[in-house]
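Engineer: If you scroll down you'll find the structure; I have some questions about it.
The values are calculated or read from the model by the stated rules, or taken from the named source; none is laboratory data. Everything quoted here is computed from the prediction, not taken from an experiment. Reconstructed Cβ throughout: ideal geometry from the backbone, glycine too, with neighbour counts over all protein chains shown. Quick note on the areas: whole protein, heavy atoms, side chains included, nothing else; ligands and nucleic acids left out. Shrake-Rupley method; radii C 1.70, N 1.55, O 1.52, S 1.80 Å.
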Amino acid sequence: MQDSPDSSHGFRVCQRVHSSGDSRRIGTVNYVGPVEGYSGTWVGVDWDNGEGKHDGSINGVRYFHAKSERSGSLVRAPNLSQGISLLEALEKRYRSKSTNDEEADEMYVLSTSNNRVSVQLVGKDKIQDKLSRFEELTNASLAYMGVSFPGIPYQINTTVPNMKELDLTGNLLSDWKDVGKICGQLPALQALNLSNNLMSPYKSELPPLESIRILVLNNTGADWEQVELLRQSLTAIEELHLIGNNISRVLPMSSSFVQGFNSLRLLNLDDNCIAEWDEVMKLSQLRCLEQLYLNKNCLNSILYPDNGQQDELEATSYKPFQNLHCLLLGDNDIGDLVSVDSLNLFPNLVETRLSENPIADSTSGGVPRFVLIARLAKIKVFNGSEVTPRERKDSEIRYVRLVISRLHANAEEIKQHPRFSELKSLYGIEDERPSTGASGPQTIGSGFLSITLKCVGASMGEKQPLTKKLPATATVGKLKFLCESFFKLKSLKLKLFLQEEGCPLPVLLDNDTSSLMDLGIGNESIILVDEES
C-alpha cells in the first residue's frame, strides 16, 4: 500500500465503485477511514469478482466483513472511480475520438506470419456519424461504462428523445430512484437491461414506467418482494428476466397467486434456488404467460393440479398455465416419470427442456430421449431440438416394443405407462411376433430379433453387412463381443450405434448392461459398428 494525499473523495459505505483503470472491476464500499499503521484515509472495497487480498481485516484488525476470504481490499481513493453520469457515458461511447478508443476498436486479422493486417469497415464513418447524432439514437449500449447516476435533470430527454432500447449492464447503479429518473426522462424506452448492477432494496413506489416492455434484472439481487413492488410501475411489461438472483420463494402481495402482470408473456427465472413446485404454481394464474424458464433451479418434481385440488383454482374458470406453451426445466433434480407425464396436462404446452435432470440421464438410471418423447404426447420441441413427425413415430413404436418386453416379466408395469394402450392401438403392434426359431412364434420378450450389423470404422476395411438373429435379451456388451467375432475385430475397442430411419444422427448405445429389449430395439433394426477414437 502506497501513501497518497489524505482525501476520502466523498466515498460512502454501500456505494458502488470500480477500479480507476478497469471499469469491469466493480465492488461495494464497506469502509471509509484510517488504517492502523498507515497515514491518510482508506476505502475498503468488497469486489464482485472475489479477487481481492483479504476478508476485510489486516494485522488482526477488522475494518469490514467481505463476502469471502480474499474478496476485500483497502484502496487509496484515487485508485477508485465513483462513476459518471448517463449523459457522460453516451458522450464517451458515441462521440469520443480518443486514439486509444480507436485502437481498441480497430478491426484486424492475423497474417500467416502472425502480423496484424488492418481491416477497413466500409461505411464505418457514416455509421459513427449516425450514432453521434443523439436525436436519432434509438438503441444504446453502455455496458460497463461506470454509469452511477442520471445526470442533470431534464437533459436526458432533450439529448436522446427517441431512445427505445438501453443496455446498462455492469454499471454502478444501485438506487431504484435513479432508475426511475432515467426511465422518466425516456418516454419511448421499451427495453432496459440492468444486469450486474447490484440494486439496493427499496420500499417506495417508482413512477409509472408505462412504456417498458422488456426489463432485464439478471444478477441484480432482486428478490420477489422487489418484483411485486416493481409490478405497480411496470403496467405494460411483456418480458421479465431475473436470472441469478438466489430467488427461492415467490411471494405474492395480496393472494396465494401472483396477480397483475397482465401483459407478461415471458418470465425468466433461470439459475435461482426454487426447490418446491408449489412456488411455481403461484405463477399459474398469469393469464398471458407463454414462456417460463426454470433451468438451473432445485426442483425435484412437477405437478399439474387435479380438478378441485385447490379451492382458489376452483373459484376461477381459468385453467392453471392456460396459455403456457414453453416450459424449460433443464438442470434441475427431476427424477421421476410421474413428473414427466404431468407435462401432458398443461393445456397448450408444446416445448420443454429436461436435459441435465436425473430422469434424462440414461447412463445413471434415467431414460433415453425416445422414451421421453413417446410419453410427452404434444411436445414439438424437446431439449432445444424439433421433434419431427418421423422421430415421434419411431420413438413411440420403439417405446411400445420396450413396454411389451417388460410386461412379460411384470404385468403390473402397465400402470406406469399411461400412453401405452393408446400407442399400441395406434400403430397396431401385437404382443406376439413371428420368429424363425424351430419352436414357431414367440413373444418379443423371449424371441429373436433380426438385426443388421454394418461396419463403419475407418480402420475396419470394407466388410459386407451381416444380418443375424439375436436374442432380444442380448446385452450391448454381448453384442460387441459377437461383432468382434463376426467381423474379426479382436484388436479394436468397439462402440455401437442404432440407426433409425428418419433420424439425422444414429443413437449411441453406451450402456453395456442394457439388453436389446431394454432399449426398445425392434425387428429389422440396423446397428452400426464403429471403433473408439
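Engineer: For segment 283-305, which positions are under 25 Å from P358 (Cα atoms), open to solvent by 30 Å² or more (accessible area, probe 1.4 Å) and in a loop (DSSP other than H, G, I, E, B)?
Structural biologist: Across segment 283-305, the qualifying residues are K296, C298, N300, S301, L303.
Engineer: Checking the condition assigned to a loop (DSSP other than H, G, I, E, B), of a type outside the set (S, T, Y) and surrounded by fewer than 18 Cβ atoms within 10 Å (Cβ to Cβ), which residue from G221, G170 passes? Talk me through it step by step, then tell me what you get.
Structural biologist: Values: G170 fails: surrounded by fewer than 18 Cβ atoms within 10 Å (Cβ to Cβ).
The match here is G221.
Engineer: Could you list, in sequence order, all residues of segment 266-310 that are among the hydroxyl-bearing types (S, T, Y) and touching a strand residue (DSSP E or B) at 6+ places or on another chain (Cβ under 7 Å)? So that I can check it myself, show each step before the final result.
Structural biologist: As a first pass, look at segment 266-310 and keep what is among the hydroxyl-bearing types (S, T, Y): 284, 293, 301, 304.
Answer for segment 266-310, where residues must be among the hydroxyl-bearing types (S, T, Y) and touching a strand residue (DSSP E or B) at 6+ places or on another chain (Cβ under 7 Å): just Y293.
Engineer: Can I ask one more? Filter segment 372-403 down to residues that are touching a Lys or Arg at 6+ places or on another chain (Cβ under 8 Å) and either polar (S, T, N, Q) or surrounded by fewer than 18 Cβ atoms within 10 Å (Cβ to Cβ) (or both) and give me whichever is modelled with the lowest pLDDT.
Structural biologist: Among those that are touching a Lys or Arg at 6+ places or on another chain (Cβ under 8 Å) and either polar (S, T, N, Q) or surrounded by fewer than 18 Cβ atoms within 10 Å (Cβ to Cβ) (or both), it is S395.
Engineer: Return the only residue of L189, L215, L251 being in contact with a helix residue (DSSP H, G or I) (Cβ under 9 Å, 6 or more places away or on another chain), over 21 Å from L283 (Cα atoms) and at pLDDT 90 or above.
Structural biologist: That would be L189, the only listed residue that is in contact with a helix residue (DSSP H, G or I) (Cβ under 9 Å, 6 or more places away or on another chain), over 21 Å from L283 (Cα atoms) and at pLDDT 90 or above.
Residue by residue, here is whether (1) closer than 23 Å to L407 by Cβ; (2) modelled with pLDDT of 85 or more; (3) open to solvent by less than 60 Å² (accessible area, probe 1.4 Å) holds:
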| site | (1), (2), (3) |
| --- | --- |
| A458 | no, yes, no |
| P465 | no, yes, no |
| F497 | no, yes, yes |
| C503 | no, no, yes |
| I526 | no, yes, yes |
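Engineer: Six or more apart or on different chains, Cβ atoms under 7 Å: show the pairs whose first residue is in segment 388-416 and over 16 Å from G522 (Cα atoms) and whose second is modelled with pLDDT of 85 or more.
Structural biologist: Close Cβ pairs satisfying both conditions: I414/F420; Q416/L337.
Engineer: Would you mind stating whether V280 is at pLDDT 95 or above, in a helix (DSSP H, G or I), open to solvent by less than 40 Å² (accessible area, probe 1.4 Å) and β-branched (V, I, T)?
Structural biologist: Working: at pLDDT 95 or above: yes; in a helix (DSSP H, G or I): yes; open to solvent by less than 40 Å² (accessible area, probe 1.4 Å): yes; β-branched (V, I, T): yes.
In short, yes.
Engineer: When residues of segment 21-45 are filtered for being in a strand (DSSP E or B) and open to solvent by 20 Å² or more (accessible area, probe 1.4 Å), how many remain? Give the derivation first.
Structural biologist: Step one: filter segment 21-45 for residues in a strand (DSSP E or B), giving 22-35, 38-45.
If we keep only those that are open to solvent by 20 Å² or more (accessible area, probe 1.4 Å) as well, we get 22-25, 28, 30-32, 34, 38-41.
Adding up the residues that qualify gives 13.
Engineer: Out of the residues in segment 254-277 meeting the condition of being of a type in the set (G, A, S) and within 29 Å of I334 (Cα to Cα), tell me which one is modelled with the highest pLDDT.
Structural biologist: Restricting attention to segment 254-277, the residues satisfying the condition of being of a type in the set (G, A, S) are 254-256, 260, 263, 275.
Okay, now just the ones that are also within 29 Å of I334 (Cα to Cα), so 255-256, 275.
Values: S255: 84, S256: 91, A275: 98.
Only one residue tops the list, namely A275.
Engineer: Scan segment 36-59 and report the pairs whose first residue is within 21 Å of Q15 (Cβ to Cβ) and whose second residue is among the acidic types (D, E) and part of a strand (DSSP E or B), with Cβ atoms within less than 9 Å and a gap of 6+ or a chain change.
Structural biologist: Final answer for the pair search is G52/D46; G56/D46.
Engineer: Output the residue which, of all residues in segment 336-365 that are of a type in the set (V, I, T) and surrounded by 16 or more Cβ atoms within 10 Å (Cβ to Cβ), is farthest from C298 (Cα to Cα).
Structural biologist: V350
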